[in-house]
Amino acid sequence: MNKLILKPGREKSLKRRHPWVFSGAVARVSGEPGSGETIEVHSSSGEFLALAAYSPQSQIVARVWDWRRREIDGGFFCDRIATALALRERLLPACPATRLVHAESDGLPGVVADRYGDIVVLQLSSAGAMRWRDAIADALFDLARPATIYERSDADVLALEGLKPVTGLLRGAPPPSPLVIVESGLNFEVDVGGGHKTGFYLDQRDNRLAVRDLAANCEVLDCFCYTGGFSVSALAGGAARVTAMDSSGPALELLKRNVAQNGLPQPECIEGDVFQMLRKLRDQARKFDLIVLDPPKFAPTVAHAEKASRAYKDINLLAFKLLRPGGLLFTFSCSGGISRDLFQKIVAGAALDAGVDAQIVGQLSPGADHPVALAFPEGEYLKGILCRVAVAPSCA
Ligand code: SAH
């Protein structure tokens, strides 16, 4: 088997079981392994460290499959997928829409699989995962027993691996159209072919429920609402009025259908740029009791963190200004390049500059179907904070 030899001292992160090898850490590669081929990773002194998938075109030049010598074959993918499914069966036994495989944190770099009832949507995003596409699809089909596996291997990161996007039916029958899932008792239409990622943001399930629990009688502003996960939840929780904002017209159309699916009153929908719309609402002196900020990934990597920090601060500052005393802010970052600690500092700076006293009353995360391997902190991409703006004392 071909070998990748690290530069002296560059074995440390692998010894802590972090599964990525960066190109700058590589002394040399023996032979000419192809894209996605399995290689052995060795320290400069010749010690075996891991079996990994080779990504010749990527900055992350190898991703670890296993820390021991073993066959990387169909049986390997069956083992890993069975382990991942067992976690969901143990912790989310009655949940019809879950993430079945969460990439590195389930020991399968580049592999994401989401279950929407009978339909599994598979997203492959690394050379290694693409090379083993058939073995992965077979293992999922045998073990999860869905009616359909639909492929959405079209994430932007594929280009960094020198790979072309692939989408379409992979196993079983074509998915129903429309596909409607039930989440926490609410119906949502999921566009597996054309929606973002695999069609729906399963990672916000618990946080949508938290919004629903707190939205009664509130005036709610849902920023970056996509197909209405938070808006529908707020309405189901008895919100007095919901304003939903997104730059995507098709997402807002689906939001309206999702509201109707659940027999709820239609919200005010604003199509446009949230950065501008928040300023407009401020200038109109609009006020809200509960605001959700769930923007797209502003910082895919640490290199983008500074610019992204300014964008997060901007929208959080504006949101603090729009909240009534005692109001609640659900604010999120799904940027791998922004840590929870940094995000909290950004939100604190935003409150300060908005001239608002606020408390953290909750830390927000995805559910147990989005585990974070302890050795892979990057797996905690989605972090959120629930803040409460101070109620001004009545004697003030
Ligand atoms: N909250 C949603 C997921 C949000 S995804 C849920 O729970 O399902 C991020 C959304 O932000 C996308 O729908 C995208 O269309 C939108 N978006 C991205 N940039 C934007 C901008 N500058 N202004 C408004 N919407 C934007």
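For Leu352 paired with Asp134, estimate the spin-label separation in nm (one decimal), with each label point 7 Å from Cα along the Cα-to-Cβ line. Result: 5.9 nm between the two label points. Taking each residue as 0.36 nm, the span from Val302 to Asp79 lengthens on full extension beyond its C-alpha to C-alpha distance by 77.0 nm.
Just check segment 136-264 against the gyration tensor rule for me: Cα atoms, a ≥ b ≥ c as the square roots of the eigenvalues, rounded for a/c under 1.5, and otherwise prolate or oblate depending on whether a/b exceeds b/c.
Prolate.
Using the Cβ-Cβ distance between Lys3 and Ala375 with R0 set to 22 Å, the FRET efficiency works out to roughly 0.45. Note on Cys269, Cys225, Cys78: ascending count of other Cβ atoms within 10 Å places them as Cys78, Cys269, Cys225, the fewest first. The overall shape of segment 30-74 is oblate: from the C-alpha gyration tensor, with semi-axes ordered a ≥ b ≥ c, the ratio a/c is 1.5 or greater and a/b is no larger than b/c. Taking amide H as placed 1.01 Å from N in the peptide plane, Gly110 has its amide H under 5 Å from the amide H of Glu104, each at least 5 places away in sequence or on another chain. Straight Cα distances below 25 angstrom link Lys297 to the lysines Lys164, Lys197, Lys256, Lys280, Lys307, Lys313, Lys321, Lys345, Lys383, with same-chain residues fewer than 8 positions distant left out. Straight-distance candidates among the lysines for linking to Lys15, with alpha-carbon spacing under 25 Å and chain neighbours fewer than 8 residues away dropped: Lys3, Lys7. Here the Karplus curve 6.51 cos²θ - 1.76 cosθ + 1.60, taken at θ = phi - 60°, turns the phi angles of segment 366-383 into couplings of x, x, 5, 7, 10, x, 10, 4, 4, 7, 10, x, 4, x, 8, 7, 9, 10 Hz, with x standing for Gly and Pro. Helices assigned as whole DSSP H runs in the chain whose Cα atoms extend at least 15 Å along their own long axis and whose mean Kyte-Doolittle hydropathy is -1.0 or higher are found at 74-91, 133-144, 249-261, 305-322, 340-354. Spin-label model, Phe22/Val157: points 7 Å from Cα along the beta carbon direction are separated by 1.6 nm.
By its C-alpha gyration tensor, with a ≥ b ≥ c as the square roots of the eigenvalues, how is segment 113-188 shaped: rounded for a/c under 1.5, else prolate for a/b larger than b/c, else oblate?
In terms of gyration-tensor shape, prolate.
Report relative contact order for segment 281-334 in percent, whole number only (criteria: Cα-Cα under 8 Å, sequence separation at least 6).
59 percent
Remark on Leu169: its backbone amide H falls under 5 Å from those of Glu151, a criterion applied only to residues 5 or more positions apart or on other chains, H modelled at 1.01 Å from N.
Rounded to 0.05, the FRET efficiency of the Asn187 and Ala285 pair, given R0 = 51 Å and the Cβ-Cβ distance, is 0.90. Residues Asp156, Asp314, Asp294, ranked from the fewest to the most other C-beta atoms within 10 Å, line up as Asp156, Asp314, Asp294.
Of all DSSP-defined beta bridges confined to the chain, some 65% are antiparallel rather than parallel. Taken one residue at a time, the phi angles of segment 298-304 give Karplus couplings (6.51, -1.76, 1.60, θ = phi - 60°) of 7, 10, x, 9, 4, 4, 9 Hz. Gly and Pro are set to x.
Sorting Thr38, Thr83, Thr331 by the number of Cβ atoms found within 10 Å of their own Cβ, with the fewest placed first, yields Thr83, Thr38, Thr331. Annotation: amide H-H contacts under 5 Å for Val61 (H modelled 1.01 Å from N, sequence separation of 5 or more, or interchain): Val21, Phe22, Ser23.
Note that segment 37-45 has calculated 3J(HN,Hα) couplings of 5, 7, 10, 8, 9, 10, 6, 5, 8 Hz, one per residue in order, obtained from phi through the Karplus relation 6.51 cos²θ - 1.76 cosθ + 1.60 (θ = phi - 60°); glycine and proline are x.
Coordinate-derived values only; no laboratory data. Just so you know, these numbers come straight off a predicted model, no measurement behind them. Note that each Cβ is placed from the backbone with ideal geometry, even for glycine, and that neighbours are counted across all protein chains shown.
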